[in-house]
1. Please find, within region 1284-1304, the residue that is nearest to residue 1366 (Cα to Cα) out of those that are modelled with pLDDT under 80 and either open to solvent by 30 Å² or more (accessible area, probe 1.4 Å) or among the charged types (D, E, K, R) (or both).
2. Take the residues in region 1354-1375 that are farther than 30 Å from residue 1230 by Cβ and surrounded by fewer than 18 Cβ atoms within 10 Å (Cβ to Cβ); name whichever of them is modelled with the lowest pLDDT.
3. What are the pairs, 6+ residues apart or on separate chains, where a residue within region 629-657 that is within 18 Å of residue 696 (Cα to Cα) has its Cβ under 7 Å from a residue that is surrounded by fewer than 22 Cβ atoms within 10 Å (Cβ to Cβ) and of a type in the set (D, E, K, R)?
4. Being among the polar types (S, T, N, Q), within 30 Å of residue 676 (Cα to Cα) and either open to solvent by 40 Å² or more (accessible area, probe 1.4 Å) or assigned to a helix (DSSP H, G or I) (or both) narrows it down to one residue among 867, 849; which is it?
5. So if I check each of 945, 921, 1000, which one is out of contact with any strand residue (DSSP E or B) (no Cβ under 9 Å at 6 or more places or on another chain), open to solvent by less than 50 Å² (accessible area, probe 1.4 Å) and of a type in the set (Lys, Arg)?
6. Check residue 312 against each of (1) touching an Asp or Glu at 6+ places or on another chain (Cβ under 9 Å); (2) open to solvent by 10 Å² or more (accessible area, probe 1.4 Å) and name the one condition it does not meet.
7. What number of residues within region 494-512 satisfy the criterion of being over 11 Å from residue 540 (Cα atoms), without any contact (Cβ under 8 Å) to a residue 40 or more places away in the chain and either assigned to a helix (DSSP H, G or I) or open to solvent by less than 20 Å² (accessible area, probe 1.4 Å) (or both)?
8. Name, by its number, the condition in (1) free of Cβ contacts under 8 Å to residues at least 24 places away in the same chain; (2) surrounded by 15 or more Cβ atoms within 10 Å (Cβ to Cβ) that does not hold for residue 830.
Amino acid sequence: MQAGKAEVGYTPSIPSLTLSVGCCSKLLSLCPPSQRYAAASWFRDNIKKKECLLFSEGKKEGFCQCGYPRSLHEEAALKPAGGAGQSWDRHQHTHEVPTDAFGEVVFGGLGQKTSKYARVSIDTTPEVLYKLLTEQWGLTPPNLLISVTGGAKNFYLRARLKSMFHRGLIKVAKTTGAWIMTGGSHAGVMKYVGQAVRDQALSSRSTHGQMVAIGMASWGAIHNRQALVQKGLHLARYSMDVQGQGRLTCLDDNHSHFLLVDDGTHGRYGVEIELRSRLEKLISQKPLGNSESGLKIPVVCVVLDGGPGTLNTIFNAMLNGTPCVILEGSGRIADVIAQVAGWPLARVTIALIHQLMSKFFGSEYNTFSALKIIEWTKKIQDIIRMSHLLTVFRISEEQHGELDVAILLALLKVSRNQETGARDSWQRQLELAVAWNRVDIAETEIFTEESQWKSRDLEQAMFSSLTGLKPEFVRLLLENGVSLGRVLAQDDALCDLYNHLPGCFFLSQTVRRVHRGARSGPQGLFVRGRAAPDHGARISMSHVSEEVRHLLGSFTEHIYPSKGIDPQEAGGEGSSEAPRDPGTDLFLWAVLQNNRELAQIGWEQCKDCMCAALAASKILKKMAEEVKDAEETEQMMELANIYEKHAIGVFSECHSCDEERAQKLLIRVSPSWGRTTCIRLALEADDKGFVAHHGVQMLLTQIWCGELAVENPLWRVFLSMVFFPLIFTGFLGFRRDEVIQREAQRTEDIITMETMTGSVWRTNGNTTKQLQPLRGCSRLASLYGSPLVKFYWNILSYFGFLFLFAVVLMVDFQSAPSWLEVLLYIWLATLVCEEVRQLFHDPDGFGFSKKAKIYISDLWNILDVLSILLFIIGLAFRLNLRDLFYAGKILLCIDYIVFCLRLMAIFTISKTLGPKIIIVKRMVMDLFFFMFLLSIWVVAYGVAKQGILIHNEGRLDWILRGAVYEPYLIIFGNVPTNIDNAEFDIESCTIDGSNPLKPKCPLLNDHQMPAFPPWLTIFMLCVYLLFANILLLNLLIAIFNYTFQVVHDNTDSIWKFQRYELIKEYHTRPAAPPPLILFSHLYLLIRQALLCRPAHKKVELLQAEEEELLSWEALMKDNYLLSTRQEQSQSIERRINDTAQNREAVNAEPVSCKPLPPCLLQVSQSSKALQWIMDSLQTQGLHAGEEPPQLSQSLPLPPGAGSGEGEREEAGFHVKARLFSYPGAKGPRFPVPEEMVPWEVTFGSYDPPTYDPEESEDSLEKHSRNPGGRTGLIGRGALPQLGANPVLELVLTRWRNQDRSALEFLAVWDQFQESWALPGGPVQSENHLPAALEKMMGKQLYQSCTALCQVFEGYVDDARNTDNSWVEVTVLALELDRTGPLMTSINLMVSNPVLN
């Protein structure tokens, strides 16, 4: 390493990656003491440091060869005599002891940044370090490991490249959940990485998802490291003294974690390289997230600047299969590689590398030897040859765009070039993109025309996207044809999704339900009726179904039937036959975790979309009531409102297209959502906007009118109610008559069109049974069975009841009940029977408890119950003729008031007065709160006045009269006269309070006049009137005004919502009004209790009709989504226009000129050539005025484009025979660049080592040389003999099937080389080929094989080749019949241990 320039060098390993950026665990200092001591104990047991065992004085007096002074050595290290001058060895003269430096470090300066650190021994196993990172420090395993290397000192990045580096590094780390690993010091490229981490931390508000930057530095090279010692239970404070660090280096304060590698030395750099390489290799072998596809965590090396050490790092990384991204323009070796990347190897010569080294290294180039330049040339050529592992990020090109894209594309390029099938390669790339959550990469690089995706190939990626909560990928996969049904139809797939739910309210509630079930008794866990293996607290679909039913309401049935649930309760009749909609399952799963994006995707895939949206609104509102987090509650309510709007939008599209179908959607039973209806879900979810929709109200109006036509005037209805024979004269219209008339008109129009056009328009659908008009009793039953007629009959009946009640109270209330009073009691009894019927009538299946709650929640039902209870109590008192007769009458009179108030319910059906009733209810609530405020002033003034005027009043009635009643009357203008002496009359009061009919006189003076000060009572009255009459009454008026304004805008929708309950009540109410309703009650009792006939049936559709209706609804949903997107695009148009104007302004600025890309240059010159041809033709054979333009032959050779000759030369040189490492050799080969391979080329400095202990150099010179050229090693090497070493290999092939779509060949696993190879082995000479073949294949097989043919013979590029020994192979081919008798012999041959 040079003094002026330095770089961080190490050997990264194979690829690495996980699901999210690992979040740091809580600070040790903030943890409970027990946890801190446990962590400290783990560190001392597992993490060690290095100490010197032998003080051996080095060149500097008083300092050991380890670099530490004598004073820092233990006494035992100073005892051995003769230590001075000994050769000190790190492996022999150091030992491990428990570490004394770990915990958390706080860096000084602004921000007080805190990081975790540990001093670790160089011999620490990578497994321990990985546990330290993930378990002790709480980091989530990464989805990608980015290893950054390059210049360590005197390194400067240009502003533009620095900005792109920061932006790209931040983006790739945040989107993929990557770990960034550097040298950790505050210098060079590591400093720039730290600045990127700082920028991301400043821009992110949340502490979660922060970038993880792990710095691995040499402990002995850290300045001010003593501040980190013995800080396990306390925060260490580290000061960055860059000016005084000398040859040492400071830690970078922006890194989140530090592993400080200690080998027992001081001042030595590069100690961490070996351990860092081993740790990266271990991480690269860890599985990627929860993927079951066998993917490992990928690793990528990012290179900026750097010197020879960085070149070795790049070379070794690429040999290990790690892709490298080189930043062009960062300096030195990075620019050298970037300059020649893509060039043909024939052009990358030693002279060119000399030139580039001189250009980019400056004065440092003069320190390089010629032999080193040759070695570096060879390594650069090998790097360029591995083009699938090399990516150059060029600022001047738009190919990669951003650095993050270049990094990810480099990993995808590696996956593309691995020796696997095309389908496996594309799937591996897709899984990587899913793990990184980079939809942009998948869209541009994976889902291309080249990749022919099938639905089954995308299923694993789809499941990973769902469990990883990646909605953009879910949408992308759906757009590319993945079958959601196949994904969720797999065994336990949906159950696994629920078990992979993130922390949410639904998960916590379901887990409680699971634990309650486990405590109550052993229960099997079932998934869709199939038993699942017990995994402790594993969530099953039965648990999900129970919790969903709790959220939807008990009126629904179980969505996911399973064992242990009654089939009738779970799904009703035929529920097992109807398959579940996968879109509905996905939508419900997303809604339950309050995931807006995934829920939107699931809703778009739903078949029963309107019912799904209303169910989601109900579930979210129910969860919002139960959840305690205010922010989460707000999010749930917001999402619930969104799906209410979706339901309204879809229904609007349906209603505008076909009103009849739209109304059928409202009342049909939905098997997917607990066999309930849309209208029921909307009411339970309190979706007033949906119920207030014009189409829903039209349906309610039709239900309200029954079989009567909606257009009938009320006066005709009233007349028909009294004179029912009018219905047989056509005086009153019926809905069926209108339907028949419309059908007749439609048929007439079709006949007319057929007559005019001569074509047949009628289809088989028109031959269905036609409706018949209502006749006789049917018309009469339809009239009196209409809820509208029932309502008016009940109003008349109620008026009659009130009239009878008033007559009894005022005229005929005798000691012995008269016949009118008995009739009143019978009438009331029928009202009581009707209320009991309403309480127990449960067509929706709520259950008695829920039905009772719904009944009591209605104000009119409360008034009904109150009036009946008061009547019963008053009747009991009235029948007691001695003492309580009059009290009973008083109670009945008060009860009459309640009955009259109940009369207001008739106005709720009125469109004019109904909303006003709602306003009155709200104002009554405001009045109660106001009365509480008013009572404070009334009581305060009344008690003070009573105490001043009257002395020791003992009568309670007069106390209340003076303290409460009189102050209340003052508000309405009744000013008392006893507060002033002017109108005092002693005759109007009693002095001692003995007269109960007179108030007590005030305290009198000697003149028999009141003793109280009149000025005080008058002043109190003025103040009381000021606040009570002026302030509080005006406040009440203001409250009423505010309530009116707030409620008035919503009263219409509220009234329409509450109107349903009235319509529902009279739709199920018996036709006869009280008191005749008693006969209807007897009929219903006999029908339901004795005959067991249900009183109400839900609308069930045939399967074909159901599918047709849902398909039509899906089409309307698509129209709604399309119109919604169009509205959004129109709202964004203005932004786009503004952006376009800004871009035009930017483009107007002067820019630097760039040369045309080669393809555009060729197009330009082709255009000139065509123009020259046209000019020549126009001159009619004469010579053109210009010379013909030069075409592609004169084009400059772009980087990456080579001539055919160069490529042929490159293909002719051996590569494996020139690898630096040789099997079994102690040292590397001599570097042989591409141009020096042929023996004909003079290579004066060629001095290869010898690897042949049995032969002398003189004997080696007698043997012929390698026909492939120089290899960098002389001698026999690892081959059996000098010269050619013949090898025989056999290619056995067969067709996979009769169509011959794929050709299979036989391969055997070579245990020594750890790779697949063709069956074969070495032979002695060409004369022994047949015998060797027979020995290899077996005598029977050899005699049977007559179709052997030789397909190749010659030199082979083998890693064992040397200058004097090489491998020559003969390849024989044999095509076999798949069903022939030779297959058995071949199987025996493969099992032969000789071949293996």
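The values are calculated or read from the model by the stated rules, or taken from the named source; none is laboratory data. All of these numbers come straight from a predicted model, not from anything done at the bench. So basically every Cβ, Gly included, is an ideal-geometry build from the backbone, and we count neighbours across all protein chains shown. Side chains included, ligands, DNA and RNA excluded: accessible areas come from the protein's heavy atoms. Shrake-Rupley method; radii C 1.70, N 1.55, O 1.52, S 1.80 Å.
1. So the residue we want is 1296.
2. Going through the qualifying residues, I end up with 1375.
3. That search, which allows pairs on different chains as well, returns 654/661.
4. When all the criteria are applied, what remains is 849.
5. 945
6. Evaluating residue 312 over (1) touching an Asp or Glu at 6+ places or on another chain (Cβ under 9 Å); (2) open to solvent by 10 Å² or more (accessible area, probe 1.4 Å) leaves (1) as the failure.
7. 2
8. Failing condition for residue 830: (1).
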